[in-house]
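The values are calculated or read from the model by the stated rules, or taken from the named source; none is laboratory data. The structure presented is a predicted model; accordingly, all values stated were derived computationally and were not measured. Methodologically, a virtual Cβ is constructed for each residue, glycine included, from the backbone with ideal geometry; neighbour enumeration extends over all protein chains shown. The area values use the complete protein model at the heavy-atom level, side chains included, leaving out ligands, DNA and RNA. Shrake-Rupley method; radii C 1.70, N 1.55, O 1.52, S 1.80 Å.
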Amino acid sequence: MARSRERSNAHFQRAVRSLPLGVSSNFRYWGDRETLYVKRGEGARIFDLDDNEYIDYRLGYGPVILGHCHPEVDAAAREGQQVGTVFALSTEREAVVAELIHEMVPAAELVRFSNSGSEAVMAALRLARGVTGRDGYVILEGSYHGLFDAVMWQADVEGQADPSLEPELLPFGKGIPELVRQLLWHLPYNDAGPLEDVLRRHADRIAGVLIEPILGSCCGIPATREFFRAVRELCTRYGVLMIVDEVKTGFRVARGGAQELHGVRADICTLAKAMANGYPIAAIGGREDLLRHFGRGGVTHGGTYTAGCMPLAAAEKTLRILKDTPALDDVLGYGRSLQAGISRILSVRGIPHSFAGHPSMGGLFFRDSAPANYRDWKRSDYTFYDALAQHLIANGVMCEPDSREPWFVSAAHDRSCLEETLAVFEEAVDVTLLQLAAPRATAAL
Ligand code: PMP
């Protein structure tokens, strides 16, 4: 039976009068009649205003690593609330959480806190500039580092008339000053050649190379081990700082994030989402000699809400659970079973497919091999995914409607979620096959 969106639709009409597009983030608007409003979450499931239930593979774009409304984390947050909110002074727990982070992510010799991923990356870039005295920086195609001017640039692959030429670099949207473009080098992912070339010629103007170990907003395309290590080696060779943005991968793909998986140590890294199961807190970690520049070295960092008592307490509890329990093994195990199940369904039907990233945040592609970089993905055909995703969501499997976001898994996803997801997936694949075959069949008549 078709699910009702009556209440979400009615709420949209009200919300749009006081909120642009009726939402608080452009990405939450799915259309006037498609935008959903959440009533509540519980474990791996969410419920919308019409009481439709969904198995959630978006998890707020990744943070909810232990499941929605996790009782222990929420109890810890309430306990943190008893301390207060913010004091414009520090509390004891900051050092406790910094020590925990260092235990899990050894590159984070010292830590400073922020409220969001964007803020952490902003501070990391400022630190790199402050330490080196250089304003330039490198970002890699397909990366997402947050919503601040320095990183809101993308290669215009679609608008490129001649694929043999370099695509134009465009801002994400209006309001981003042209001047910013002069400070950045925007280079291909998984290709050390152009990076080496730029560093050889311009290292004296470049503070750091920002790298996402897995393109978490570009289908989970992972950096190959060779590329990740080459970036490390090139940064060291040319005296440029390696800033690893683990906002999505940190405390998710391994306790020590992608740095642990690849055996690579960042100079500076940013951590956020999985760190507090959704409570707003992030961290900038890195080499002691660099982090000491905050304050005495003249680099400014701070903020009214930094290290607020409630998110900090939630972070301590979440990190202890991730460190001391098999939660991440469960996440990985579920991710693997999900991919195996999906693969079985698609293989039986002879549908080419592949997965990218990591099973805890995996991208799904309908071709034999996953794209290796942004340009490859942009030029790929994602019609099947887009159509399939609509059927999945309409039937209670909340994946990302466009193929850019990977499927996130939490420790709360259990066997019943798996069985339900695969049953819905199988049906949705068949409906999608029919739907996409229909126009062709009609055209042939
Ligand atoms: N860096 C990465 C790798 C991210 O995935 C994100 C968010 N998706 C950010 C930075 C920005 O984080 P936030 O949305 O918390 O500002």
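One table, with the values for the structure above:
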read-out: Residue check, Phe27 open to solvent by 50 Å² or more (accessible area, probe 1.4 Å), within 16 Å of the ligand (Cβ to nearest atom) and either touching a Pro at 6+ places or on another chain (Cβ under 7 Å) or among the aromatic types (Phe, Trp, Tyr) (or both); value: yes
read-out: Only one of Leu234, Leu179, Leu183, Leu187 that is open to solvent by less than 10 Å² (accessible area, probe 1.4 Å), closer than 22 Å to Ala155 by Cβ and modelled with pLDDT of 95 or more; value: Leu234
read-out: Given (1) in a helix (DSSP H, G or I); (2) touching a strand residue (DSSP E or B) at 6+ places or on another chain (Cβ under 6 Å), number of the condition Cys269 does not satisfy; value: (1)
read-out: Complete set of residues in segment 114-140 that are open to solvent by 10 Å² or more (accessible area, probe 1.4 Å) and within 16 Å of the ligand (Cβ to nearest atom); value: Asn115, Ser116, Gly117, Ser118, Glu119, Met122, Arg126
read-out: Qualifying residue in segment 329-339 (condition: within 16 Å of the ligand (Cβ to nearest atom), closer than 23 Å to Arg404 by Cβ and not assigned by TED's automatic domain parsing to the domain that holds Val240); value: no
read-out: Extreme residue, farthest from His145 (Cα to Cα), among residues of segment 49-106 that are surrounded by fewer than 23 Cβ atoms within 10 Å (Cβ to Cβ) and within 16 Å of the ligand (Cβ to nearest atom); value: Arg58
read-out: Which numbered condition Ala394 fails, given (1) over 23 Å from Leu215 (Cβ atoms); (2) in contact with a strand residue (DSSP E or B) (Cβ under 9 Å, 6 or more places away or on another chain); value: (2)
read-out: Positions within segment 237-263 being away from the ligand (no atom under 16 Å from the Cβ), open to solvent by less than 10 Å² (accessible area, probe 1.4 Å) and over 30 Å from Gly43 (Cα atoms), in sequence order; value: Val240
read-out: Output for segment 1-24, where each listed residue is of a type in the set (Gly, Ala, Ser) and surrounded by fewer than 13 Cβ atoms within 10 Å (Cβ to Cβ); value: Ala2, Ser18, Ser24
read-out: Condition broken by Gln154, with the remaining ones in (1) more than 16 Å from the ligand (Cβ to nearest atom); (2) assigned to a strand (DSSP E or B); (3) open to solvent by 40 Å² or more (accessible area, probe 1.4 Å) satisfied; value: (1)
read-out: Sole residue being over 19 Å from the mean Cα position of the chain (by Cα) and in a loop (DSSP other than H, G, I, E, B), chosen from Ile393, Ile351; value: Ile351
read-out: Search result, residues across segment 295-342 that are buried (at least 21 other Cβ atoms within 10 Å of the Cβ) and among the aromatic types (Phe, Trp, Tyr); value: Tyr334
read-out: Filtered residue count, segment 190-231, keeping only those that are open to solvent by less than 30 Å² (accessible area, probe 1.4 Å), among the aliphatic types (A, V, I, L, M) and assigned to a helix (DSSP H, G or I); value: 6
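Residues are listed down the side, and each one gets a yes or a no for (1) at pLDDT 95 or above; (2) in contact with a helix residue (DSSP H, G or I) (Cβ under 6 Å, 6 or more places away or on another chain):
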site	(1), (2)
Asn395	yes, yes
Arg404	no, no
Thr421	yes, no
Thr432	yes, yes
